[in-house]
Amino acid sequence: MSLTIHTVVSRPGPVERRVLERLSPTTSEVRRIGAGVALRVLETPQVAAPTRLALVHGRGHAATLWEPILRAFAPERRVVAPDLPGFGHSGFLDGPVGGPEDALDRFVAPIEDLLAAEGPIVLVGHSLGGLVSLEIALRRRVDVRGLVLVASMGLSPYVSPTARAYLRFGPERAARLNRFLGRAPRGLTGAAVPELGQLRVELHLARHAAKLAKPAFDALVPIAGDGLNRRDRLGEVRVPTLLVWGSNDEAFPLPIAMDAETRLADAELAVIGEGHTPHLAEPDAVIDRLRAFLSARGL
């Protein structure tokens, strides 16, 4: 199989540049990982703590959308937040996708390589980033001490019709269509920090947005049938796990999280807000719950 390594595909837009200025002294740099995939990585200054936080965003997002959590935890511990391969400002290992497992590995392997040398880690993943974080925990090549899954993919074979249509069509294409039709961009709603809503739109409207990653992502969410999932392997997760979910998540309904809680060996469920992005809609509540989880578990 012939693979092409696509390097950094864009530069931050004006909204993202303002967010990066607010995040200072957090650094933003591009690192060439493993087979040569370039990852844009945000990293806070070194702080002594039992573990480091690694924040892994979802489809169509970028590391900068973790701004509230980065700012909250930077004084307490080191935080690292990469752009997933093919999203934000990271490159992607392109080429024919050999099925769902190969597709997942395109996202997982570079993040796993990045984190392997980080020491004890608490992984926090949203949506696609939740599936990536779960897979890293299952592979046990990274020293994962805790897992936080925010509205995560991969916990059930079920994909709601709404989620399937939206994810297959793509938030990037939807944003461009809304702009063409003169509609209000969806990303401007559902974020407690208005500029982060604007950033979602900016990321979706970027010329390159998710084009490289789309074939691999589509393999995870097929047109029909089950989505790739690790439901039957949740009992293998050996670390404390916090599930953070919206009460009316249309992409991955709350019963998925309730089922996962019973299958995980050591898990707790926090219902925060209503939608698919509680860390954006209710950042203070998510920060408080995450901080309590870390404290209670000695992490």
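The values are calculated or read from the model by the stated rules, or taken from the named source; none is laboratory data. Computed from a prediction, not measured in an experiment: that's the story for all the values here. Neighbour counts are summed over all protein chains in view; Cβ atoms, including those assigned to glycine, are modelled from backbone coordinates with ideal geometry.
Taking into account only those residues within segment 61-83 that are assigned to a loop (DSSP other than H, G, I, E, B) and either free of Cβ contacts under 8 Å to residues at least 24 places away in the same chain or over 9 Å from the mean Cα position of the chain (by Cα) (or both), which is surrounded by the most Cβ atoms within 10 Å (Cβ to Cβ)?
ARG78
State whether the residues of segment 277-298 include one that is modelled with pLDDT of 95 or more, in contact with a helix residue (DSSP H, G or I) (Cβ under 9 Å, 6 or more places away or on another chain) and not in a helix (DSSP H, G or I).
No, segment 277-298 has no match at all.
Can we say ALA260 is within 28 Å of ASP102 (Cα to Cα), assigned to a helix (DSSP H, G or I), within 19 Å of the chain's Cα centre (by Cα) and among the small types (Gly, Ala, Ser)?
yes
Among the residues of segment 272-292, what is the count of those that are closer than 12 Å to VAL124 by Cα and buried (at least 20 other Cβ atoms within 10 Å of the Cβ)?
Selection size over segment 272-292: 3.
Mind checking which residues of segment 124-164 are surrounded by 21 or more Cβ atoms within 10 Å (Cβ to Cβ), in contact with an Asp or Glu (Cβ under 8 Å, 6 or more places away or on another chain) and within 17 Å of ASP113 (Cα to Cα)?
Result: ILE136, VAL142.
Restricting to segment 25-54, what's the tally of residues that are basic (Lys, Arg) and within 18 Å of the chain's Cα centre (by Cα)?
Of the residues in segment 25-54, 2 are basic (Lys, Arg) and within 18 Å of the chain's Cα centre (by Cα).
What is the one condition in (1) under 30 Å from GLY34 (Cα atoms); (2) at pLDDT below 80 that VAL142 does not satisfy?
Here VAL142 clears every test but (2).
Testing GLU261 on (1) within 26 Å of VAL193 (Cβ to Cβ); (2) surrounded by fewer than 18 Cβ atoms within 10 Å (Cβ to Cβ); (3) not β-branched (Val, Ile, Thr), one condition comes back false. Which one is that?
(1)
What are the residues in segment 38-60 that are within 12 Å of HIS126 (Cα to Cα) and in contact with a Pro (Cβ under 9 Å, 6 or more places away or on another chain), if any?
Residues satisfying the conditions are ALA54, LEU55, VAL56, HIS57, ARG59, GLY60.
What residue, among those in segment 222-250 that are crowded, with 21+ Cβ neighbours inside 10 Å and among the hydrophobic types (A, V, I, L, M, F, W, C), is farthest from LEU147 (Cα to Cα)?
TRP245
Given the options GLY86, GLY58, GLY146, name the one that is over 28 Å from ASN248 (Cα atoms), touching a strand residue (DSSP E or B) at 6+ places or on another chain (Cβ under 9 Å) and either in a helix (DSSP H, G or I) or in contact (Cβ under 8 Å) with a residue 12 or more places away in the chain (or both).
The conditions single out GLY86.
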